[in-house]
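Take a look at the structure below.
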Number of protein chains: 2
Amino acid sequence: MKQKVNIAIVGLGQIGNYLFNELRLKKKDIEIKTGKKINIAALSAKNINKKRKFKINKAIFFKNPLEIIKKKNIDVLFEVIGQSDGMSKKIVELALKNKIHVITPNKALIAKHGDYLSNIAERNKVNLEFEASVAGGIPILRTIKEGVATNKINKVYGILNGTCNYILSEMENSKDSFKNVLKKAQKLGYAEPGNPKLDLNGYDALAKIKILSSLSFNKSISKKKCLMEGIENIEFKDIEIANQLNFRIKLLGITDLVNNKLFERVHPCLVKKDSYIANVSGVMNAVILHGNPIGESVLQGEGAGPGPTSSALMSDLLSILRGNIKFPFGISGKKRKSILSYDLRKYSNSLYLRFEVNDKPGVLSQITRSLAICNISIERLIQIPDHKNKKASIIIITHRTNELNANKCLKSLKINRNILKIPTRIRLF
Amino acid sequence: MKQKVNIAIVGLGQIGNYLFNELRLKKKDIEIKTGKKINIAALSAKNINKKRKFKINKAIFFKNPLEIIKKKNIDVLFEVIGQSDGMSKKIVELALKNKIHVITPNKALIAKHGDYLSNIAERNKVNLEFEASVAGGIPILRTIKEGVATNKINKVYGILNGTCNYILSEMENSKDSFKNVLKKAQKLGYAEPGNPKLDLNGYDALAKIKILSSLSFNKSISKKKCLMEGIENIEFKDIEIANQLNFRIKLLGITDLVNNKLFERVHPCLVKKDSYIANVSGVMNAVILHGNPIGESVLQGEGAGPGPTSSALMSDLLSILRGNIKFPFGISGKKRKSILSYDLRKYSNSLYLRFEVNDKPGVLSQITRSLAICNISIERLIQIPDHKNKKASIIIITHRTNELNANKCLKSLKINRNILKIPTRIRLF
């Protein structure tokens with residue numbers, strides 16, 4: 001790579017702005033560490049006139065990012081638009097084809113098109129780096145690709161979505177409802193103001209799990225449908241009851257190899273209060289990996305926000321400037337295998353089930369009978385009356401049961417008119 | 001680097017053995033990940049006939065490791081003898097001068113001669129890698145050099161000695177004495193059977209702190225004397241009282257910049273039971289770093305043992321095989337500054353002080369008077385009588401005070417004949 005490196009930033013939202021500033025601030029530091037002088041040669045955003053902390057030099061501004069590739073001699077391009085397709089995909093594709101290194105924090109793009117894009121990068125002998133796509137500032141991808149490179153990893157799990165973790169922690173702390181806490185999270189910038197759905201329904205965490213899986217197990221990104229449940233149906237009531245039972249509720253992403261089959265999932269879990277993962281609070285992320293011979297390793301840090309994200313983006317830049325040409329997924333795309341999926345129906349857990357029912361004779365017996373028919377045995381049962389409304393909450397902790405039986409049981413109870421809403425199911429970790 | 005890479009292992013103790021086996025097991029994996037074929041071309045140990053899990057091929061065995069450099073065409077050499085000087089230094093020096101990459105887990109060597117050796121490596125354009133020297137399998141050095149490369153780090157601390165952490169945890173769990181638990185640790189292989197002093201007195205943790213400092217603050221390794229206290233004087237009594245006060249005792253290594261001055265220290269600390277660091281138990285290590293913009297990051301994992309150590313050694317090997325030529329300390333030796341030391345006398349903490357005294361009138365008043373004279377105010381005082389022996393333990397938790405005053409006070413009490421042994425001082429974190 002030449003001594004003077006031209007950089008383009010495509011997208012000037014919260015992250016693009018922060019990154020722009022970091023690049024200017026750390027110019028000297030980067031030169032000391034890599035021997036390269038960086039030069040911000042092109043910027044692109046939807047709206048040049050949006051209020052920003054810096055004035056955009058019009059000479060390097062492009063409304064259409066694709067123009068940058070034609071008109072400027074770029075060496076490294078940051079894609080910080082954040083779409084899974086659209087312009088994000090177009091500009092990354094075009095850049096790689098033109099032998100430009102690409103750095104992106106875009107998990108949606110990588111989880112969807114990572115295999116395709118990394119092949120283009122490999123063919124053109126440039127880097128496609130995406131450290132910031134998983135767990136913000138925590139260098140978890142670099143750790144898997146390099147730090148524990150020769151370990152046989154068999155499980156990776158963790159708290160991968162700061163928005164959900166903040167909401168669950170804050171519901172517990174403030175004893176407030178999901179709805180109110182979500183509003184608070186939006187005010188504080190921890191949740192998307194417009195449509196926070198992709199964070200709350202588990203989609204964001206699942207994209208990260210898919211990336212972690214690919215790197216950990218040296219495989220292509222799985223396209224199969226996975227178990228994906230978010231936290232939208234968690235009520236304060238659940239947090240309170242979990243608390244009494246010495247549990248906390250966390251949204252976990254988990255991927256492991258079960259008898260050489262791949263099992264990726266995202267769902268809320270009841271975790272023991274004194275466990276490590278239960279004590280990762282607020283917007284923090286944590287990733288735990290099991291490898292041989294390394295044993296259990298834990299990485300924890302701020303999972304989101306422009307600061308930690310920029311930290312990861314900059315680490316990617318330094319890796320490129322130091323001349324570390326690497327396969328985006330650690331090994332060549334040709335050597336990445338595809339792994340059969342584990343049969344979800346066999347997934348076995350103790351379950352926390354909450355039924356909201358009419359307080360009428362026979363309801364409890366109907367529920368317990370359904371459980372018995374489906375071979376699900378009860379470890380614990382709590383009934384909380386709501387005398388005023390002639391209703392009750394029935395909470396059941398089951399012994400271990402598999403998804404097949406649990407689904408069958410919950411399905412059979414669907415027609416029961418005394419059960420007032422879809423039961424809440426939370427798996428024990 | 002050529003396609004076939006010749007490797008030498010110098011030292012065939014616990015780690016050398018494990019590493020040898022890993023190299024053989026992961027040969028194929030290494031080829032997939034780096035495109036290089038590795039070949040173990042030379043081995044060296046004091047005694048060829050020692051009982052080992054594998055038979056040494058005499059054709060590649062060298063009693064004198066220095067011969068290897070002359071007689072074999074080595075590309076990468078692992079130094080796993082473990083001395084701070086002697087043959088460890090000689091062979092590393094000779095290898096680097098002969099343009100051979102060196103990988104070592106030897107913290108004593110790096111903390112003492114790291115600057116000198118890294119200069120030789122830089123001059124000869126080869127790597128000197130020592131990921132395994134700090135925190136076993138946790139890729140903390142790589143994280144600092146690469147993962148958070150452009151952050152301004154201002155503090156790094158953690159549990160860096162698995163032996164001490166095991167002993168403190170086990171004293172709490174088994175309610176047993178330091179002496180007995182040390183014996184147990186030696187039996188389990190967690191403490192050196194011969195002379196565990198360097199683990200117990202803080203020397204090992206301080207060597208790691210010096211390496212972490214150098215990398216975090218881009219500075220040369222400090223030669224100055226530091227505050228170094230071990231756990232040899234911690235009694236079960238201290239753990240029990242700490243427990244009652246909602247604390248745990250941990251040996252922490254800490255380095256930070258205070259007003260741009262470097263402050264490195266290792267000493268036991270009282271940490272709040274519900275804090276993260278208090279819950280890192282047994283042989284686990286944990287490193288916490290504060291950086292801007294990354295915020296607080298935590299890395300935790302098994303800190304010692306041949307498995308995690310080999311994992312780190314192998315990650316260094318892969319980095320070299322992938323062609324990542326790097327400065328051993330992240331930046332060129334010429335650019336590494338030296339930083340003034342913080343004045344230890346200003347170090348300010350709340351203190352836990354335990355006095356073993358004769359149960360005579362006036363003793364307590366003498367102690368409290370000395371504290372008052374030195375401007376140390378008391379937050380909490382507990383007196384535990386030992387009627388049978390007419391003795392007592394007096395435990396005092398002070399408000400914040402600096403080392404100057406604390407030392408003055410403890411010195412003034414030295415002549416007090418009713419104080420039966422040197423008081424135990426543990427700083428609150």
### Query
Distances from A:LYS237 to the same residue in each other copy, label points 7 Å out along Cα→Cβ, in nm, shortest first?
5.5
### Task
May I ask you to list the trypsin sites (Lys or Arg not before Pro) in region A:263-365 that are in a DSSP loop and have at most 15 other Cβ atoms within 10 Å of their Cβ?
A:LYS273
### Rounded Å value of the spacing that divides the Cα centres of region B:313-328 and region B:1-28
14 Å
#### Entry: From phi via Karplus (6.51, -1.76, 1.60), per-residue ³J(HN,Hα) for region A:25-36 in Hz, x at Gly/Pro
5, 9, 3, 5, 4, 5, 5, 4, 7, 10, x, 10
#### Entry: For chain A, built as a Gaussian network whose Cα springs stay under 10 Å, the top-fluctuating residue of A:SER365, A:SER348, A:SER213
A:SER365
### Task
Quick one: among B:GLY291, B:GLY307, B:GLY323, which has the greatest mean-square fluctuation in a GNM of chain B with alpha-carbon springs under 10 angstrom?
B:GLY323
### Options A:ASN375, A:LEU94, A:LEU168, ranked by Cα towards positive dipole end of the protein assembly as shown, top entry (Cβ charges)
A:LEU94
### Query
If we count every other residue with Cβ under 13 angstrom of A:SER348's Cβ, Lys/Arg +1 and Asp/Glu -1, where does the sum land?
+3
### Query
Do any trypsin sites (Lys or Arg not before Pro) in region A:359-406 lie in a DSSP loop with no more than 13 other beta carbon atoms within 10 Å, and if so, which?
A:LYS390, A:ARG400
### Amide H partners (placed H, <5 Å) of A:SER350, local residues excluded
A:THR401, A:LEU428
### Message
Give me the net charge for the shell around B:ARG336: Cβ to Cβ below 12 angstrom, other residues only, Lys and Arg +1, Asp and Glu -1.
### Response
+3
### Query
What is the set of long-range amide H partners of A:LEU251 at a cut-off below 5 Å, with H atoms built 1.01 Å from backbone N?
A:CYS269
### Summary
Taking alpha-carbon centroids only, region A:342-385 lies from region B:53-89 a number of Å equal to 65 Å
### Message
By the 4.7 Å beta carbon criterion, which cysteine residues of chain B come out unpaired?
### Response
B:CYS164, B:CYS226, B:CYS269
### Summary
The answer for chymotrypsin sites (Phe, Trp or Tyr not before Pro) in region B:38-117 that fall in a DSSP coil and have at most 14 neighbouring Cβ atoms within 10 Å is B:PHE54
### Query
Is there a pair in A:LYS4/A:LYS58; A:LYS326/B:LYS125; A:LYS46/A:LYS89; B:LYS112/B:LYS225; A:LYS152/A:LYS346; A:LYS28/B:LYS334 whose C-alpha atoms are over 19 Å apart, and which pairs would that be?
A:LYS4/A:LYS58; A:LYS326/B:LYS125; A:LYS152/A:LYS346
### Message
Check which residues have an amide H placed less than 5 Å from B:PHE61's amide H, if you skip close sequence neighbours.
### Response
B:LEU43
### Task
Can you tell me the dipole magnitude for the protein assembly as shown around its Cα centre, using point charges on the Cβ only (Lys, Arg +1; Asp, Glu -1), in Debye to the nearest 20?
2220 debye
### Query
For region A:336-348, what does the Karplus curve 6.51 cos²θ - 1.76 cosθ + 1.60, with θ = phi - 60°, yield as ³J(HN,Hα) per residue in whole Hz, taken in order and with x for Gly and Pro?
7, 8, 10, 10, 5, 8, 6, 6, 4, 4, 8, 4, 10
#### Entry: Size of charge dipole - chain B - debye, nearest 20, with Cβ of Lys, Arg +1 and Asp, Glu -1, no other charges
1280 debye
### With Cα atoms, 0 to 90° folded angle of helix A:363-373 axis to chain A main axis
70 degrees
### Message
Taking a point 7 Å out from Cα toward Cβ as the label site, list the nm distances between A:LYS155 and the same residue in every other copy, smallest first.
### Response
3.3
### Task
Determine ³J(HN,Hα), in whole Hz, for all residues of region B:42-48 in sequence, where each value follows from phi through the Karplus function 6.51 cos²θ - 1.76 cosθ + 1.60 and θ = phi - 60°; x replaces Gly and Pro.
7, 10, 9, 7, 4, 10, 5
### Query
What are the distances, in nm and sorted shortest first, from the label point of A:GLU296 to the label points of the same position in each other copy, with each label point placed 7 Å from Cα along the Cα-to-Cβ direction?
2.1
### Query
Top mean-square fluctuation among B:ASN57, B:ASN418, B:ASN106, Gaussian network model of chain B, C-alpha springs under 10 Å?
B:ASN57
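Which net charge results for the neighbourhood of B:VAL258, defined as the other residues with beta-carbon distances under 12 angstrom from its beta-carbon, given Lys and Arg at +1 and Asp and Glu at -1?
+1
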### Task
Place a +1 charge on the Cβ of each Lys and Arg in region B:242-326 and a -1 charge on the Cβ of each Asp and Glu, then give the dipole magnitude about the Cα centre in debye, rounded to the nearest 20.
120 debye
#### Entry: Relative contact order (%) - chain B, alpha-carbon pairs under 8 angstrom, separation at least six
16 percent
### Message
If I fit a long axis through the Cα atoms of helix A:403-412 and take the longest principal axis of the Cα atoms of chain A, what angle between them do I get, 0 to 90°, rounded to 10?
### Response
60 degrees
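All of the numbers you see were taken from the coordinates with simple rules; none came from a lab. The model shown is predicted, which means the values in this text are computed figures rather than measured ones. FYI the Cβ positions are ideal-geometry reconstructions off the backbone, even for glycines, and counts take in every protein chain you see.
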